[in-house]
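Single-structure report; data block below.
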Amino acid sequence: MPNIESAIKRVRTSEKSNEANSAKLSKMRTAVKKFEKAVEANADNQQELLVAATREIDVVSAKGLIHQNKANREKSRLAKKLA
């Protein structure tokens, strides 16, 4: 445990950001899984789930949680599954 006041504050802020970042990543993964499940089941709402998954990937990428190239690759693979 840190003794210096600024280090103690840093631990608190890093824990908060870690929680927030984990939640964003989880939300993205959930959106992708929902889309993939809809494609397998040949559901009617595939297009809107693709839009939602793409949006979540863009949000996570904009925050710097995943690299832009990975985001583009993921979106491309999802779009290919729909086509």
Legend entry - Positions within segment 38-62 being farther than 14 Å from A79 by Cα and among the hydrophobic types (A, V, I, L, M, F, W, C), in sequence order: A41, A43, V59, V60, A62
Inset, instruction - Show the residue pairs that are 6+ apart or on different chains and have beta-carbon atoms under 6 Å apart, the first residue being within segment 1-22 and over 20 Å from K63 (Cα atoms), the second being part of a loop (DSSP other than H, G, I, E, B). - result: I8/P2
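Read the figures in this text as sums done on the coordinates, not as results from a lab. Since we're looking at a predicted model, the values are computed, not measured. Neighbour counts are summed over all protein chains in view; Cβ atoms, including those assigned to glycine, are modelled from backbone coordinates with ideal geometry.
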